[in-house]
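Report on one structure; see the data block that follows.
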Amino acid sequence: MKIAILGGTGSIGEGFALRWASKHDIIICSRDVDRAIETADKYSGTVLSKGLVCCGISGCTNETGIEDVDVVVLSVPYKGMVPLLQKLKPFFNNQIVISLVVPMQKNDKFEYTPPEQGSAALEIKEILPETVKVISAYHNISARKLADLESNLDYDVVICGDDEDAKKTVMELTHEINNLRPLDGGGLESSYMIESLTPFLINLAIKNGLRDLGVKFL
Ligand SMILES: NC(=O)c1ccc[n+]([C@@H]2O[C@H](COP(=O)([O-])OP(=O)(O)OC[C@H]3O[C@@H](n4cnc5c(N)ncnc54)[C@H](OP(=O)(O)O)[C@@H]3O)[C@@H](O)[C@H]2O)c1
């Protein structure tokens, strides 16, 4: 598959590029094409240095990167999300869009600050063309552990979405990342629950002196 990562130059985008590059064509998207190309070269070097196959990691502008791909990973901060999607709307057609976006802010602790639609995922669905299949996933995964290819990711990933085929594709992509267990979380209306867990996990980690907390259902 061709997978474009909006926000691929950032913290969590890196891990997805490294983990999926052995099986898929990865396109690192950025507002700055030079940063995209430089980052893609760096990620390719990391994959090859581990002795892994690299199908190809390239760098592009956000606009050109998302055209003609199967999957777009949306991993930009919430504060830039709405203007970015409005600008990129003409370049979306029928891709699967995986949202990792968590609207949150820090006051005395981290707090979930959803938009009026109820969650970032529902807001994305409202902005993008109806042909786009929005899936919500990976909000509770540690960027640091995802980018560390030796790290054992013994987490569950709750995946929400209204298109069953698209959800199945994202569940398969999740299976490809070692030890992650995909769980069907139902429709996109449930996304607020997994988005809101992220600030809760960060607060738990801070209060208890822990790192990289995730979710595992037993
Ligand atoms: N970090 C985590 O552990 C983690 C875990 C789960 C979910 N998430 C969610 O994933 C998303 C990305 O998190 P992150 O930590 O990877 O963020 P980040 O490193 O701060 O940013 C990712 C990339 O987004 C682009 N970006 C930043 N501000 C932007 C703006 N105003 N408009 C358009 N693009 C912008 C930048 O790329 P360019 O400058 O190259 O365009 C940046 O490299 C967030 O919504 C976060 O809630 C993060």
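The values are calculated or read from the model by the stated rules, or taken from the named source; none is laboratory data. Since the model is a prediction, treat every value here as computed from it, not as a measurement. We place every Cβ from the backbone using ideal geometry, glycine too, and count neighbours over all the protein chains shown.
Quick one: which residue in 74, 48 is within 21 Å of residue 9 (Cα to Cα), hydrophobic (A, V, I, L, M, F, W, C) and surrounded by fewer than 17 Cβ atoms within 10 Å (Cβ to Cβ)?
Only one candidate passes the filter, namely 48.
Can you name the residue in segment 139-162 that is among the hydrophobic types (A, V, I, L, M, F, W, C) and surrounded by fewer than 19 Cβ atoms within 10 Å (Cβ to Cβ) and is also farthest from residue 15 (Cα to Cα) among such residues? It would help to see each step written out before you state the result.
Narrowing segment 139-162 to residues among the hydrophobic types (A, V, I, L, M, F, W, C): 141, 143, 146-147, 149, 153, 157-160.
Then keep just the ones that are surrounded by fewer than 19 Cβ atoms within 10 Å (Cβ to Cβ); that gives 143, 149.
On the way: 143: 6, 149: 8 Å.
Only one residue fits best here, namely 149.
Out of segment 201-218, which residues are in a loop (DSSP other than H, G, I, E, B), within 18 Å of residue 106 (Cβ to Cβ) and charged (D, E, K, R)?
Scanning segment 201-218 gives a single hit, 211.
Among the numbered criteria (1) closer than 24 Å to residue 128 by Cβ; (2) modelled with pLDDT of 95 or more; (3) assigned to a loop (DSSP other than H, G, I, E, B), which single criterion is violated by residue 23?
The one condition residue 23 does not meet is (1).
Taking only segment 57-71 into account, find how many residues are more than 8 Å from the ligand (Cβ to nearest atom), modelled with pLDDT of 95 or more and either part of a loop (DSSP other than H, G, I, E, B) or under 16 Å from the mean Cα position of the chain (by Cα) (or both).
5
Name the strands (runs of 3 or more DSSP E) wholly inside segment 90-178 in which the number of residues that are within 13 Å of the ligand (Cβ to nearest atom) and in contact (Cβ under 8 Å) with a residue 12 or more places away in the chain is 2 or more. Walk me through how you get there before you give the answer.
On the way: elements: 96-99, 104-106, 110-112, 133-136, 156-161.
So the answer is 96-99, 110-112, 156-161.
Just one of the numbered conditions (1) within 23 Å of residue 172 (Cα to Cα); (2) more than 13 Å from the ligand (Cβ to nearest atom) is not true of residue 41; which one?
(1)
For segment 133-140, state whether one or more residues are modelled with pLDDT of 95 or more and over 21 Å from residue 69 (Cα atoms).
yes
What pairs can you find where one residue is in segment 72-87 and more than 9 Å from the ligand (Cβ to nearest atom), the other is assigned to a loop (DSSP other than H, G, I, E, B), and their Cβ atoms are less than 6 Å apart, with a gap of 6+ or different chains?
Matching pairs, first to second residue: 72/95.
Can you tell me which residues in segment 146-170 are of a type outside the set (A, V, I, L, M) and under 22 Å from residue 53 (Cα atoms)?
At the first step, the residues of segment 146-170 found to be of a type outside the set (A, V, I, L, M) are 148, 150-152, 154-156, 160-165, 167-169.
148, 150, 151, 152, 169, listed by residue number.
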